[in-house]
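These notes are about the structure you will find just below.
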Amino acid sequence: MRLLQIIGSFLYAIRWLLIVAIGIGLPLYIYLAFIAKEPVFTVENDVELGKMSAQSLAEDPEEYPILPESEYPEAYEHLRRVVGGIIDSPEIQYRDVFAYDQMKIINRDDVLNAFCTPGGYIYVYTGLIKYLDREDDLAGVLGHEIAHAENRHGSVRLQREFGVKALTGFLLLTVPISTSDYINARILKELMGLSYSRDQEAQSDAYSVRYLATSDYACDGTAGFFIKLQESGDDVGIPEILSDHPDSGSRIREIQREAKRVGCSTEPADPSRWKAFQQSLPQKDAAAAEGASE
Ligand SMILES: [Zn+2]
């Protein structure tokens, strides 16, 4: 009899626990997953997420071989100049909060990409720098990536995707919600595989124009990147900037329309610095070709 009582009150407690958990958890996850358009993470969370991503990137030198600044100070000086020209814009809100000064060059000629994590950790592949014909185009692409961080697109996206997965996990009782390490690892995984929505891509294209409007770069530099892709017909994999909105024709038109609306200059900057930037990178292909001919 006593035992039955214990089991009875245990089941009663479990039932209430479930009701409370579902009562609070379910609406919260539905809100995160489907309703929230603004990040519920704070700006400090963004910086923390960025720091975590930067650490996990640093632990994977095979995939992300970071070009050491101590050996290539000139390349980093050039990159700092380009990023500086963008974040000087009065439209940049998190200049002093985000880690824009932590920018890194990834030494891979086979990747035409650049990205910026939440919290402003900027990564640029050597492949992209070597591919582009003008510094203006790199500034355009970086302006686009910085706009994702400034508008906190990653956080919105993350809470949406993570919210859905956590909800599913929660219902299937497979996510140990209390295990924070586990959740951190999952967030990180989501973050690395993150793709942005069409609206977020369009917004970042427009912001790139606005950031460049006060620089000495052609403010429609992002369009320059798309034009180069179209003209060369290169199969470049899928750089972040094309991830969810690959129709470059309509994006070129929208970017140019925004430049007209803002009334900014589309005259390219002094091209001599760009050559110097490209030459400051390791010239791996030349070395490889030499090696092959021996
Ligand atoms: Zn993008």
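Quick look at the values:
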quantity	calculated
Some residue of segment 136-151 being over 23 Å from residue 215 (Cα atoms), touching a residue at least 40 places away in the same chain (Cβ under 8 Å), buried (at least 21 other Cβ atoms within 10 Å of the Cβ) and within 15 Å of the ligand (Cβ to nearest atom)	no
Residue match in segment 172-194 (condition: at pLDDT below 60 and among the aromatic types (Phe, Trp, Tyr))	yes
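The values are calculated or read from the model by the stated rules, or taken from the named source; none is laboratory data. Worth saying up front: this structure is predicted, and the values here are computed from it rather than measured. Cβ: placed from backbone, ideal geometry, glycine included. Neighbour counts: every protein chain shown.
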